[in-house]
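Below: one structure, written as C-alpha cells.
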Amino acid sequence: MKKQASEKAHTSADNKKKLIIVIVSVLGIMALLFAASYAIDLYNDSKNKVGDEPIDYDFYPADFNENIFEDADYMMKIENGFIDYTDSSTNLTLGIERETASEHGKDVEFMVEYVYSIINGDLEKYNSFFSKDYPEDSKKQDRFTMQKLYDVVITKIGNGDVTDGGQSYTKYEFALEYKILENNGTFRNDIGSGARKQYITVSDKYGEFGIESITYVYIK
C-alpha cells in the first residue's frame, strides 16, 4: 500500500511538472511572438524618421458637435466594412462586423467594442476598458470628439494562462492599427493621415476583460 501511495504521489508530481512546463512554454512562445512583431515594426518605423525631430502634423479643426455618421466622405470609407481581424495562429484575415465579433471570441469582441468607443467619442466607455493594473502614470484619455476610424486591423498575437499568487487568469496580446479621416488630434496627436500600430495587453484577471498596457511604436 505504501508503495502504491508513493507511486501515485510520484505520478501526481510528474503531472504537475508537465503542466508547469506546458504553461511556461505557451507563455514563452507568446512573449517571443510579441517581441518579434514589436521589433519588426520598431525597425520599420526607425527607417522613416525625419532627422531627430518628430513629425509635426496639421490637424483638422475639432468640432465636438459633429455627427461623423452624417459625413458622406466618411460613410463611403466604411460602407463595405472597415474592420479586419487576423489570428496569428492561423494567419487568416477576414472582415468582421460589430454584431458578429463575439463569434471570434469574447476577447475579440472586447477589442471591437474598444474601437467603437473611440469612433463614438465616448470618453466614459473608453476609459472603462482599462484594468486596475493599467499604469497610473499612463494617462488614459481626456475629452475627444467622435473619431472617423477606417482601415482598422485587429491582430490577435496570442494568449496564455497565468498563475499569480494562487490566482489564475488569461492574458491576451493584440496589435491594433487604424487610420483617422480628417484627424483633429483630440484623440491621437501622434498620427496624421497614416496609421501607427499599438500593442495591447488584455487580461481577465478581475473577472472581466481589461487593458493592462498599451505600447506605441513611435518614430524617433
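The values are calculated or read from the model by the stated rules, or taken from the named source; none is laboratory data. Keep in mind the model is a prediction, meaning the values are calculated, not measured. Quick reminder, even Gly has a Cβ in these numbers, built from the backbone with ideal geometry, and neighbours come from all protein chains shown. The accessibility values were calculated without ligands, DNA or RNA, using every heavy atom of the protein model including side chains. Shrake-Rupley method; radii C 1.70, N 1.55, O 1.52, S 1.80 Å.
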Calculated Rg and Dmax of region 109-176 using C-alpha coordinates, Å = 14.2, 43
With every protein chain left in place, what is the accessible area per residue of region 181-220 in square angstrom, probe 1.4 Å?
-> 40
The Cα extents of region 129-209 along the principal axes, largest first and rounded to whole Å, are 48, 25, 17
Of the heavy-atom accessible surface of region 131-188 (probe 1.4 angstrom), what whole percent is carbon and sulfur?
-> 38
If you plug each phi of region 62-67 into the Karplus form 6.51 cos²θ - 1.76 cosθ + 1.60 with θ = phi - 60°, what whole-Hz ³J(HN,Hα) values come out, in order, with x for Gly and Pro?
-> 8, 10, 6, 9, 6, 9
Per-residue accessible area, 1.4 Å probe, largest first, puts E212, E109 in the order E109, E212
Across 5 Å bins beginning at 0, the whole-percent shares of Cα-Cα pair distances in region 76-153 come to 3, 13, 22, 22, 19, 14, 6, 1
Label zone at D71, where the point sits 7 Å out along the Cα-to-Cβ direction: region 112-154 residues whose backbone N lies under 13 Å = 119-121, 145-151
